[in-house]
Amino acid sequence: MRLERTSIADVLILEPEVFGDARGFFFESYNRRSFAAATGLDVEFVQDNHSRSARNVLRGLHYQVRQAQGKLVRVAAGEIWDVAVDLRRGSPSFGRWAGTRLDAASHRMLWIPPGFAHGFVALSEQAEVLYKATDFYAPEHERTLLWNDPAIGIPWPLEGAPVMTDKDRRGVPLAGADLFD
C-alpha cells in the first residue's frame, strides 16, 4: 500500500496494490496490518456504509460531535470529489480543508480521522461510495457543516446548483459549528 499525504497531514490518500490481467483485477480494499504499516495507525472499523449518488449530488459536510467517526472512503463505481474539513480546535490545520478525486479506476482511498467533517460531490453519472467507519452512526450526535461556507472556501467542482437534502442545505457555518477539543 502506497501512502500520499494531503495538504492536511492527518488526512491520507492510500493506494492499494492492484493485481490485474485480462480477467480483471484483484486488490485488498482493507487489510488491518497493511493499513497500520502504511499509516502508523491501529484503528478498529465497526461499520461499513455504501451510497449511490447521481451526478452533482453533494453529500455533507457531516460529522458526529460524540462517537466521532474516522472514515476510510473509496469509490466502487464512478468518480467523486471528496473533502475533509478539520474541526479540531487545537489543530494547526483547524478550519482548513483537504480534497481529492477518488474513482473506481484508480482504487485510491481517503483516510479521514475523527474530528473532521466529511462530504463529497458525484462527478460521474452515478457514483457508488463505500466507507468504513470507526464508530457507529449516532443521529443524535450528527451535525452538518455548511458546504459553501466562505470562511472555509471549498471550490466544489459543480455543474450548476448541487442536488442536496434540506439538512445539508441548512448546514451551520464554521463560526457557529460544534467543534472538537
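Listed here are the residues, each with its yes/no results for (1) free of Cβ contacts under 8 Å to residues at least 60 places away in the same chain; (2) more than 17 Å from residue 108 (Cα to Cα).
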| residue | (1), (2) |
| --- | --- |
| 3 | yes, no |
| 12 | no, no |
| 39 | no, no |
| 47 | no, yes |
| 52 | no, yes |
| 60 | no, yes |
| 74 | yes, no |
**Complete:** Counted residues in the range 127-181 being hydroxyl-bearing (Ser, Thr, Tyr) and either over 17 Å from the mean Cα position of the chain (by Cα) or part of a strand (DSSP E or B) (or both) come to 3
**Prompt:** When you go through (1) at pLDDT below 95; (2) closer than 26 Å to residue 177 by Cβ one by one for residue 23, which number turns out not to apply?
**Reply:** (2)
**Fill in**
Conditions (1) charged (D, E, K, R); (2) surrounded by 15 or more Cβ atoms within 10 Å (Cβ to Cβ); (3) at pLDDT below 95 -> residue 159 fails only (2)
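With the requirement that a residue be part of a loop (DSSP other than H, G, I, E, B), aromatic (Phe, Trp, Tyr) and over 16 Å from the mean Cα position of the chain (by Cα), what does the range 17-56 give you? Lay out the reasoning, then the answer.
Taking the range 17-56 first, the residues part of a loop (DSSP other than H, G, I, E, B) are 17-18, 22-23, 27-31, 40-46, 55-56.
Filter once more, so that each one left must be aromatic (Phe, Trp, Tyr): 27, 30, 45.
Matches in the range 17-56: 27 only.
I need the full set of residues from the range 141-181 which are small (Gly, Ala, Ser) and either in contact with a strand residue (DSSP E or B) (Cβ under 7 Å, 6 or more places away or on another chain) or under 25 Å from residue 54 (Cβ atoms) (or both), in order please.
Going through the range 141-181, the residues small (Gly, Ala, Ser) turn out to be 151, 153, 160-161, 171, 175-177.
The answer is 160, 161, 171, 177.
When residues of the range 66-91 are filtered for being among the aliphatic types (A, V, I, L, M) and either surrounded by fewer than 22 Cβ atoms within 10 Å (Cβ to Cβ) or not in a strand (DSSP E or B) (or both), how many remain?
Of the residues in the range 66-91, the ones among the aliphatic types (A, V, I, L, M) are 68, 72-73, 75-77, 80, 83-85, 87.
When the remaining residues are screened for being either surrounded by fewer than 22 Cβ atoms within 10 Å (Cβ to Cβ) or not in a strand (DSSP E or B) (or both), the result is 68, 76-77, 87.
Qualifying residue count for the region: 4.
Residue check: is residue 127 in contact (Cβ under 8 Å) with a residue 40 or more places away in the chain, surrounded by fewer than 17 Cβ atoms within 10 Å (Cβ to Cβ), closer than 30 Å to residue 158 by Cα and among the aliphatic types (A, V, I, L, M)?
Working: in contact (Cβ under 8 Å) with a residue 40 or more places away in the chain: yes; surrounded by fewer than 17 Cβ atoms within 10 Å (Cβ to Cβ): no; closer than 30 Å to residue 158 by Cα: yes; among the aliphatic types (A, V, I, L, M): yes.
Taking the combined requirement at face value, the residue does not satisfy it.
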**Request:** Among the candidates 166, 149, single out the residue that is free of Cβ contacts under 8 Å to residues at least 60 places away in the same chain, touching a helix residue (DSSP H, G or I) at 6+ places or on another chain (Cβ under 9 Å) and acidic (Asp, Glu).
**Result:** 149
**Request:** Please verify whether the range 94-113 includes one or more residues that are in a strand (DSSP E or B), among the basic types (Lys, Arg) and buried (at least 20 other Cβ atoms within 10 Å of the Cβ).
**Result:** no
**Message:** Just checking, does the range 61-78 include any residue being aliphatic (A, V, I, L, M), farther than 16 Å from residue 13 by Cα and in contact with a helix residue (DSSP H, G or I) (Cβ under 7 Å, 6 or more places away or on another chain)?
**Reply:** yes
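The values are calculated or read from the model by the stated rules, or taken from the named source; none is laboratory data. Because the structure is a prediction, the values reported are computed rather than measured. So basically every Cβ, Gly included, is an ideal-geometry build from the backbone, and we count neighbours across all protein chains shown.
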